[in-house]
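First the structure, in the form of structure tokens, and then the observations on it.
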Amino acid sequence: MNSEILEKIKEECRKLPDDVSYIVGFVRKQGEPREILRVLRPGEIDRLSYSPLSSSNPSRIVMDLAKSGKVAVIAKGCDVRTLKQLEKEEKIKRERVYIIGVSCPGVIDYRKFRNAVKFRLSEIESVELVGDDVIVKANGNEQRIPFNELIFENCLYCEQPTPKDCDVLIGEPREGRTDFSDIEEFEKLDREERWKYWMDVFSKCIRCHACREVCPICYCEECLVDPSNLAVSPMTPAEEKAAYPRVLGKTVSASDNMVYHLMRVLHHAGRCAGCGECERACPMELPLLKLERKLKKVVYEVFNYSPDEEIPFLSKLDILPEV
Amino acid sequence: MFDPKIITFACNWCSYAGADLAGTSRLKYPDNVRIIRVMCSGMVNPGWVLRAFRQGADGVVIAGCHPGDCHYTVGNYYAKKRYILLKELMKFVGFDDERFKLLWASASEGKLFAEEMTAFTEKIREMGPQEKLRRKIE
């Protein structure tokens, strides 16, 4: 199934327009069964790989590369959504990007995969999605795992599994859905329970800022949450540095971490495509997408705005509800 | 009796002048309200609100011009958008979102400003001190 997709991807890559100078695609990681993103030259098409474990979002790389040449990119539904968002914010020119869209049934959560699979990771030869099962092959043995045991949770609520705006589409178009049942379920808990839940979550946060670094729409060069953006020289006295204006404290107490995460997701209102990179990158495995999805729900229900609209959410002012 | 601390971000053109009017017309409102003058309610970063709570505020008010009256045309619409998003998020994480308020007060509404501030202070007084986000010395 995904070997067919891979063949089609390679075939499309061979047919690329002449002015494409880079291909951003998935390459199998050494010693592990998953794919990582690589920038390839059009001559290196044979290195490409694709499986349900190809979960990364290439938009950030494309954004940087498209400044210097035309880029072809292999993108799933959410990736194209991010690319469209970056285009809306004038970070990417559409004519600089050639999108090979892949209709995506959902990706595998690597953490779940690691626990479910019985082979050593370095011995796994292939991971294929056939029907509703994932077939893992290693050393001539085979293991079947139901796909819904491994699927990345956010993919269950995917709004756009099929890329909307792409130059070629591979695979059958799939229907997305708008479903906030998990958020509604969480909102039924009473206030103190919710507070306790999030305090537990944020007390684990180590503020490595990986969620910010990996997020394709967190591209600001100077970030608000950095301890200080003002110039510091060796001569700056400590008192002056301590008095620099900061929005956020330097401690890693749970409530400071909460402020960090609230600030972070507030900047994503109406922009987040739900690719889930933040949650995959988080070393403490925090449920960060819950906050993003809550904001998405507010944007849908209170402002009646869909991220697919042409005007960015922040500059659209006629959608405010009555006071 | 518990003495709450209330931080008010008041816009320079309407709400600050309204607060000024309340003062010059000798209307009483609680001295728990501490006003920070900003040029526009649209410049209030949600981070400032959260930081105020971190630093020990019991309530935060953003006060701006009525919709359509903004000195910078649309600043208060941005304020409102941010207010809704932040308020919904606060509710979601279980913070007492009643402690955060948006108030439209024009330069002529000194009376309204004083009344609203009194009512809000009384409400916060009933709710008690804000301990959830307050910075604790560890």
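Rule-based calculations on the coordinates, nothing more; no lab input. All values derive from a computational prediction rather than experimental measurement. Here the Cβ is made from the backbone with ideal geometry for all residues, glycine too, and neighbour counts use every protein chain on show.
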Tell me the Kirkwood radius of segment A:179-323: reciprocal of the mean inverse pair distance over distinct alpha-carbon atoms, in Å. 17.2
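Please state the shape class of segment B:1-133: rounded when a/c is under 1.5, otherwise prolate if a/b exceeds b/c and oblate if not, all from the C-alpha gyration tensor. Numbers along the way, then the final one.
On the way: a/c = 2.08, a/b = 1.15, b/c = 1.81.
Oblate.
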Grab the eigenvalues of the alpha-carbon gyration tensor for the protein assembly as shown, scale each by 5, take roots, and send me the semi-axes largest first in whole angstrom. 47, 24, 21
Taking the 0 to 90 degree range and rounding to the nearest ten, how far is the long axis of helix A:289-301 tilted relative to the main principal axis of chain A, both from C-alpha atoms? 80
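Using DSSP to call loops (not H, G, I, E or B), can you name the trypsin sites (Lys or Arg not before Pro) in segment A:187-254 whose Cβ has at most 12 other Cβ atoms within 10 angstrom? Mind dumping the intermediate values first?
Numbers: sites: A:Lys188, A:Arg191, A:Arg194, A:Lys196, A:Lys204, A:Arg207, A:Arg212, A:Lys241, A:Arg246, A:Lys250; in loops: A:Lys188, A:Arg207, A:Arg246, A:Lys250.
Those satisfying the criteria are A:Lys188, A:Lys250.
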Distance cut-off 29 Å, Cα to Cα: go down the list A:Lys112/A:Lys204; A:Lys290/B:Lys5; A:Lys8/A:Lys93; A:Lys241/A:Lys316; A:Lys76/A:Lys297 and report the pairs above it. A:Lys290/B:Lys5; A:Lys241/A:Lys316
Can you compute 3J(HN,Hα) from phi for each residue in segment B:108-114, using the Karplus curve 6.51 cos²θ - 1.76 cosθ + 1.60 with θ = phi - 60°, rounded to whole Hz and x for Gly and Pro? 8, 9, x, 5, 4, 4, 5
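Have a look at the DSSP beta bridges in the protein assembly as shown and tell me what percent are antiparallel, nearest 5.
Values: 20 of 48 bridges.
Antiparallel: roughly 40 percent of the beta bridges in the protein assembly as shown.
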Calculate for chain A the 222 nm mean residue ellipticity that helices alone would give, adding -39,500 (n - 2.57) per DSSP H run of length 4 or more and normalising by residue count, nearest 500 deg cm²/dmol. -9000 deg cm²/dmol
Taking DSSP loops as anything outside H, G, I, E and B, show the longest stretch in chain A free of GluC sites (Glu not before Pro) there with at most 15 other beta carbons within 10 Å. A:1-88
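Please report the relative contact order for segment B:6-127, taking Cα pairs under 8 Å with a sequence separation of at least 6, and give it as a percent rounded to a whole number. Working shown, then result.
Numbers: 197 pairs, mean separation 48.3, N = 122.
Here the relative contact order equals 40 percent.
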In whole angstrom, how far apart do the alpha carbon centroids of segment A:1-15 and segment B:72-138 sit? 55
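Starting from the Cα gyration tensor of segment A:236-279, take the square roots of the eigenvalues, sort them a ≥ b ≥ c, and report rounded, prolate or oblate (rounded when a/c is under 1.5, otherwise prolate if a/b is larger than b/c, else oblate).
Prolate, because a/c is 1.5 or more and a/b exceeds b/c.
Take peptide B:78-90, look around each residue's Cβ out to 10 angstrom, count Cβ atoms belonging to other protein chains, and average those counts.
Working: counts 4, 0, 4, 11, 3, 0, 7, 12, 4, 1, 8, 11, 1.
Rounded to a whole number, the mean comes out at 5.
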Note: probe point = Cα of A:Asn304 + 7 Å toward Cβ; backbone nitrogen < 17 Å; residues of segment B:76-93 passing the test are B:81
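Going down the list A:Lys29/A:Lys137; A:Lys88/A:Lys296; A:Lys10/A:Lys67, which pairs span over 21 Å between their C-alpha atoms? Show your work: numbers first, answer last.
Numbers: A:Lys29/A:Lys137 16 Å; A:Lys88/A:Lys296 18 Å; A:Lys10/A:Lys67 25 Å.
Distance filter (> 21 Å) returns A:Lys10/A:Lys67.
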From phi via Karplus (6.51, -1.76, 1.60), per-residue ³J(HN,Hα) for segment A:32-38 in Hz, x at Gly/Pro: 9, x, 9, 9, 10, 7, 9
Over chain A, cysteine residues that find no other Cys C-beta under 4.7 Å are A:Cys13, A:Cys104, A:Cys155, A:Cys158, A:Cys166, A:Cys205, A:Cys208, A:Cys220, A:Cys223, A:Cys272, A:Cys282
At the level of C-alpha centres, the distance separating segment A:76-142 and segment A:195-248, in angstrom, is 31
In percent, how large is the relative contact order of chain A, given Cα pairs closer than 8 Å and 6 or more residues apart? 15
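Just flag the chymotrypsin sites (Phe, Trp or Tyr not before Pro) in segment B:39-112 sitting in loop per DSSP whose Cβ has no more than 15 other Cβ atoms within 10 Å. Intermediate values should be presented prior to the final figure.
Details: sites: B:Trp48, B:Phe53, B:Tyr72, B:Tyr77, B:Tyr78, B:Tyr83, B:Phe92, B:Phe95, B:Phe100, B:Trp104; in loops: B:Tyr72, B:Phe95.
Sparse-neighbourhood loop chymotrypsin sites (Phe, Trp or Tyr not before Pro): B:Tyr72.
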